[in-house]
1. Residue 384 passes all but one of (1) touching a residue at least 24 places away in the same chain (Cβ under 8 Å); (2) surrounded by fewer than 16 Cβ atoms within 10 Å (Cβ to Cβ); (3) over 20 Å from residue 323 (Cα atoms); which number fails?
2. Looking at (1) on the phi < 0 side of the Ramachandran plot; (2) more than 18 Å from the chain's Cα centre (by Cα); (3) outside any helix (DSSP H, G or I); (4) at pLDDT 95 or above, which is the only condition residue 61 fails?
3. Hey, among the residues in the stretch 392-427 that are within 14 Å of residue 332 (Cβ to Cβ) and more than 20 Å from the chain's Cα centre (by Cα), which one's surrounded by the fewest Cβ atoms within 10 Å (Cβ to Cβ)?
4. On the basis of being over 21 Å from residue 324 (Cβ atoms) and modelled with pLDDT under 95, does residue 95 make the cut?
5. Looking for whichever is over 23 Å from residue 38 (Cα atoms), in contact with a helix residue (DSSP H, G or I) (Cβ under 9 Å, 6 or more places away or on another chain) and surrounded by fewer than 19 Cβ atoms within 10 Å (Cβ to Cβ) here; the options are 177, 152. Which one fits?
6. Across the stretch 129-146, what is the total count of residues that are surrounded by 22 or more Cβ atoms within 10 Å (Cβ to Cβ), touching a strand residue (DSSP E or B) at 6+ places or on another chain (Cβ under 9 Å) and not in a helix (DSSP H, G or I)?
7. Among the residues of the stretch 204-221, how many are touching a strand residue (DSSP E or B) at 6+ places or on another chain (Cβ under 6 Å) and either over 19 Å from residue 38 (Cα atoms) or modelled with pLDDT under 95 (or both)?
8. Among the residues of the stretch 78-92, write down those that are in contact with a helix residue (DSSP H, G or I) (Cβ under 7 Å, 6 or more places away or on another chain) and in a loop (DSSP other than H, G, I, E, B).
């Protein structure tokens, strides 16, 4: 699907679709090819729009979040061709308003594009799904105002907001509390080479979560020629300069591999994810050691990553602050484990698509688990589970967690599986095919 020339066209929200998670009759044996990384696709699109010359994204992710990003950049004047599924082309153009950007429920769109809009000549208005208005955005708005961008926002600095661009941003030094999301820092860095004086971002507050995503931002900025200094903890500097368009080979989305690899542990089976990179900044790469700690084993070969279940799932005591997006699937595994788990360092998940900690506590408890919220995480004590309705709260990662439970607990009914289109539009079909490919234990 491609959106051309229509600045106000809205990328549709997938219609809610109830779904009963399939139960695996025996050990899963499957080989999975996943689409491209959402995080890499989003960053490559933004960098391409503020670079000189065209850029090509090979094997990008086509999903709701990335289509919203592409549509937002088009609305501001960039040429973004997504007609070829395997090869997207971006040609920068002078950015301008008036424009309206639909952020949906995508943190990347609502945090990466307002700094870009500051470089546009004209007003750019941002809004999205109702729940998007509750997502943390105020620190970014305050930081942009401090470097010369005029913004009208809702009380508290959230959506809806309008950036009144004048074709340039002064830039300079900013102090920000990014403890709610690393995207608050990444959004400032991605556009900063085009600011008159670049930017120096200083974080003050509790630790910034999801550190691998910040490393990805820095690495991708350097790949297009940006001068970036991240040698001082909690300080990032981007020098002013021209970025150069390039070709991007988008890695598979490793976080989206979580439910499929978890299936190997739940069913004492074996799952291979093709194309797993030898070296990566993606947070999902930590699945290898986390699943090993829970009783699995893994092998990284020329084909990809293979995870095997050992017949028992063990509880996990871990700080997941750097890999918070893996929490829902790990919590599902913890509910099926042979010992209690404590998942820490994830208080920031309360500000994601929904309050993921409260949602997990509520929905896993409804199926019979004993789950307690802590100040920064969850304590999970396994109990015999039963089927029932699992509310997904429009959150793709909660849907993944429910599907994992459903592998061994019959009649787990998701209120909405269509929300998985946010990052993995083919999830229901991929999951159903995987559960059909089984072998005797």
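The values are calculated or read from the model by the stated rules, or taken from the named source; none is laboratory data. Here the structure is a predicted model, which is why all the values come from computation and not from measurement. When we count neighbours, we look across all protein chains shown, and the Cβ atoms used for this are built from the backbone with ideal geometry, even at glycine.
1. (1)
2. It fails just one condition, (2).
3. So in the stretch 392-427, the residues within 14 Å of residue 332 (Cβ to Cβ) come out as 392, 395-409, 412, 414.
Checking which are more than 20 Å from the chain's Cα centre (by Cα) leaves us with 405-409, 412, 414.
On the way: 405: 27, 406: 26, 407: 25, 408: 15, 409: 21, 412: 25, 414: 28.
The extreme case among them is 408.
4. Numbers: over 21 Å from residue 324 (Cβ atoms): yes; modelled with pLDDT under 95: no.
The answer is no for residue 95.
5. On inspection, the qualifying residue turns out to be 177.
6. 1
7. Count: 1.
8. 78, 82, 92
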